[in-house]
């Protein structure tokens, strides 16, 4: 069943391969924790180095770097509210509130545990289910991607804690931002205001830094005392046994871990979705399944576990269609695809048969890299956390501002992106005070291109039909996703109805109590 796996295990446990895994994880974490330097950028910069290595070791290094980069994005998401990679968007929702509560070390330990479990589940899915599940990807056409984007928009109901109308208004703002630039279908130039640099649209990294990091910096400047109080609470919490207690707490809820990792593995298989979408879906499903959904967004550990388990599972899930069908599941997978082609390797069944030793060396090394996230992440992550905690606010804010400006500029080497980042940050700060959640705006920015491309391409592919738009409702997979969309929309309404019913029952019982007491007094 696994030809060459014995030789692959022996090659992975060799000191040279283990050292490559360690070096890749550490370098990836450094890149992932730097806003603006995504996993795709880091892998592209690493590509020339693989020319000097044999195919197996080149793939091992790329895989370890990829795992470390996805995990590294959680550090800045937790500590300074800046997702190091787009895969860590949802980690900010509860990660930064944990920091403001003085529990950043707990958050770092929790995401490390979740990342290891998610990474291992993704690798197991790649190893055992890859060739079988990859066929599912072929059933996804433009119509399915359109409905997948609509399903993602239903998460606004979970992000809008106070007002659903304001939540959808914020999501609509994000959709408008995603339309800036050249249209994916038709090629129309929209909302560039005469700037040719804006024809490529607003980069997601720039939007993330603007909507999440800039408002956080403004808060620190307006009220530096709140951070000082949180840091004092953090210092008081450093008691022995915190590591083991946090790990035990995360593992005591395996359903959240496994569900999120399975979501990440499946979404990773869908070309163009990747960790950007997987972490948001996993967060929303964790909140929907929780007995205390009102605690999400206020510093709940489950709120950082779910997105990190999902985005690390995407690493293995995205390689399923790549190795079996030659279809990259996410942009970083496209770079790894390039490494395969440069070494004369063609994805497909023969990659698992005639090239079994190389393929299984790569897959097993991914599992080893996921395990290495635990010791390396806890040492580096907790060290970074303590450095940030000890840094005075007067030095931390300028440092964050410098790093974010460099990160925004590095995306396209475009000074205009720095201006866009600051402008979006000020808009996000104002929207938050109006009650419009910035997270919903970013959700619209992420899903807008998926929805627009799916709609346009779906109508084009069905242009020969009498009624082209009916193809969005008649395809079996589309129908299944539509059912999920309806359930996602009805779930909050059902929960609200249950809460109102419980409140009426409580008030009725409270009113009946005094009446019964009065009747008894009259009888006496």
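Only the coordinates and a few stated rules stand behind these numbers; no lab work does. These numbers come from a predicted model, not from an experiment. Note that we place each Cβ from the backbone using ideal geometry, even for glycine, and neighbour counts take in every protein chain shown.
Tabulated data for the structure shown
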| quantity | calculated |
| --- | --- |
| Ranking of 283, 145, 429 by count of other Cβ atoms within 10 Å, fewest first | 429, 145, 283 |
| Per-residue [θ]222 nm for the chain (sum of -39500 (n - 2.57) over DSSP H runs n ≥ 4, rounded to 500) | -24500 deg cm²/dmol |
| Debye equation applied to the C-alpha atoms of the range 398-438, log10 I(q)/I(0) at 0.21, 0.32 Å⁻¹ | -0.68, -0.96 |
| Separation of alpha-carbon centers, the range 351-397 and the range 290-304, rounded to whole Å | 25 |
| Two-site label geometry, residue 14 and residue 393: point separation in nm, points 7 Å out along Cα→Cβ | 5.5 |
| Convex hull volume per residue for the range 256-358, taking Cα atoms only, in Å³ | 94 |
| Angle in degrees between helix 91-100 and the longest Cα principal axis of the chain, rounded to the nearest 10 | 60 |
| Exposure proxy order (Cβ contacts within 10 Å, fewest to most) of 62, 217 | 217, 62 |
| On Cα atoms only, tilt of 104-124 relative to the major axis of the chain in degrees | 50 |
| The range 427-502 and the range 142-207: distance between their alpha carbon centers, rounded to Å | 12 |
| Protection proxy ranking, peptides 77-83, 397-403, average beta carbon neighbours within 10 Å, highest first | 77-83, 397-403 |
| Principal axis box of the chain, alpha-carbon based, largest edge first, Å | 94, 68, 55 |
| Neighbour-count ranking [beta-carbon atoms within 10 angstrom, fewest first] of 477, 60, 422 | 477, 422, 60 |
| The range 348-499: C-alpha gyration tensor shape, a/c 1.5 cut-off, then a/b vs b/c | oblate |
| Projected label distance in nm at residue 164 and residue 218, using a 7 Å step from Cα toward the beta-carbon | 2.9 |
| Helix 15-32 vs. the chain, principal-axis angle (Cα, 0 to 90°, nearest 10) | 50 |
